[in-house]
1. Just tell me how shielded A:10-19 is by partners: mean number of partner chain Cβ atoms within 10 Å of each residue's Cβ, no decimals.
2. Enumerate the aspartates and glutamates that residue A:56 could reach by cross-link, defined here as Cα to Cα under 17 Å, with residues fewer than 8 away along the same chain left out.
3. Just want the ordering: B:42, B:185, from fewest to most Cβ atoms lying within 10 Å of their own Cβ.
4. In terms of Cα to Cα distance under 17 Å, which lysines are near enough to residue A:34, apart from those fewer than 8 places away along the same chain?
5. Dipole of the range B:180-357, Cα-centred, from +1 at each Lys and Arg C-beta and -1 at each Asp and Glu C-beta, to the nearest 20 debye?
6. Between residue B:286 and residue B:215, how high is the FRET efficiency from 1/(1 + (r/R0)^6) when r is the Cβ-Cβ distance and R₀ = 45 Å? Nearest 0.05.
7. What does the highest-first list of B:236-246, A:115-125 look like by mean Cβ count within 10 Å?
8. Which FRET efficiency value, to the nearest 0.05, is calculated for residue B:156 and residue B:71 with the Förster distance at 45 angstrom and r the Cβ-Cβ distance?
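Quick note: the coordinates plus some simple rules give every number you see, no bench work behind them. Everything numeric here is computed off the predicted structure, so don't read it as measured data. Positions of Cβ are generated from backbone atoms using ideal geometry, with glycine treated the same way; all protein chains shown enter the neighbour counts.
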Amino acid sequence: MTDMTAAALRVLIVDDEAPARSRLRDLLADCAEKQPLEIVGDAASGAAALQLFAEKPCDVVLLDVRMPGMDGIETAQHLRKLDNPPAIIFATAYDAYALKAFEVHAIDYLLKPIRAARLAEALALAQKSRPPKPEVLADLRRAPRCRRVNAARCI
Amino acid sequence: MSRSINQIPHAHAGGSGQSGHRGRSARAGAAQNAYGISLPNFRNLGIVLRILLGVHVAVLFTVALKSPSLYTMGDQLMEAIALVEPLLILSLVLLYALNGVLSRARYFTGAVAVMLLVLALTTLLYLLTRSHLPMDLSGITRYWLLVGLVTAILLYGFELRGRALSPAISEARLQALQARIRPHFLFNSINAVLSLIRQEPRRAETALEDMAELFRVLMADNRELTPLSREIELCRQYLGLEQLRLGERLQVDWHTGNMPADAMIPPLVLQPLLENAVYHGIEPRTKPGIISINVYASRDQVHAVLRNPYAPASDYHVGNKMALANIRERLQLHYDAEASLTARAAGDVYEVHIVIPYQKEATA
């Protein structure tokens, strides 16, 4: 388990406003001290985010709600349907979308301006809800007995 | 306090939705003087129309009471109107001419002066129409009574209305209107400034200064008129902040070279419209959009024409109409029928056109 949590959390930033993206980068850099993470990229629209996700999968998407074209809620709906869907954390200046956000199973909802500590909490939540990697699952399936024996020995 | 209220020349003269004011004016009765009630502005079109309407309704009423049947009423009505019209028109012309003097007088003095003026005119006309007879004033008391009554009722009506729409009360309404400045603008702007602090501290400083100035005006006592140049500066600061967030997506086309910078206008008439333009016209677009601002003077009026790209969206009408209604009401509170706001969508452009009477600071 230990090496799995230690793996850097891969984060994708989606916001139509450049200053908001740069702010999130700064905040993520602050959080990186406690929580190893890697920014896989940032996107200025929902469509760009989906494309980027297809190229570079990630664990968490920080998603703005009000964006021109495809909005955050719609983007989240698309992301959910993919294989290995990322955890969604909404980041918005509005509190009016919270209900909609949880309908698309967002794990957290952050109000701008966001505090680094609050972002760290959300990332910790994402880390917890992170599904085990496929290769780990495969290992478990291949040698269940062995692991059980090891566990018994440890106790 | 009354000084500052009186600086709004027509603040008491206008507004709609009378039904809601009755209760308020009754409550305000105890503190009448605090509201700085003054005579109506007899040069205002709305006031003149109301006087015309009031007098004619009074004539109709008296004739209807007097006539034995509907058939005779028509003739009697014509007679009565022929009698009333010269007096009415003369009174209006004189009140128009004396408006400056009357508006400087105290309310009670002014009201008595108006009453005396109208009664004097009645006497004059009475004597003129009976000039072939020897000086005879015996029949005039009836006219004095009628004219005096109608004048008193009209003055009382204007006073009630003025109290209901007085700046002190509409101030509460104005503040409620201002509280609706979109909170998302504040939070998004703070967020944008936060993003600048580490990389570009100087731009962050400018942005915070602009924000401070903007919110100082948003939170200020906005009963007094402000120079147009000040409002335009505020608009520039506001759009500067939005530019910070939106970058190239927001393009602004200023046509303010010929604007009458010294014109006095109600504060925050243009800025909320720009906020609308950004929120409804620019933010929903993926491509850059242009907001154009054209301010000019034409004859005795100041025109402001704002255009932004029109993107029909589900939430457009609700928020936009509320903001337009707010500004329309404020214009009415200040100018009654002499200012206007029209909004229309033509193709892919949304246009708001405001017309305000051109008043310079000295006369305001």
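1. Rounded to a whole number, the mean comes out at 4.
2. Partners within reach: A:38, A:42, A:83.
3. Ascending number of Cβ neighbours within 10 Å: B:185, B:42.
4. Leaving aside lysines fewer than 8 places away in the same chain, those within reach of residue A:34 are A:128.
5. Around 440 debye, computed over the range B:180-357.
6. 0.90
7. Ranked from most to least packed, the peptides come out as B:236-246, A:115-125.
8. 0.85
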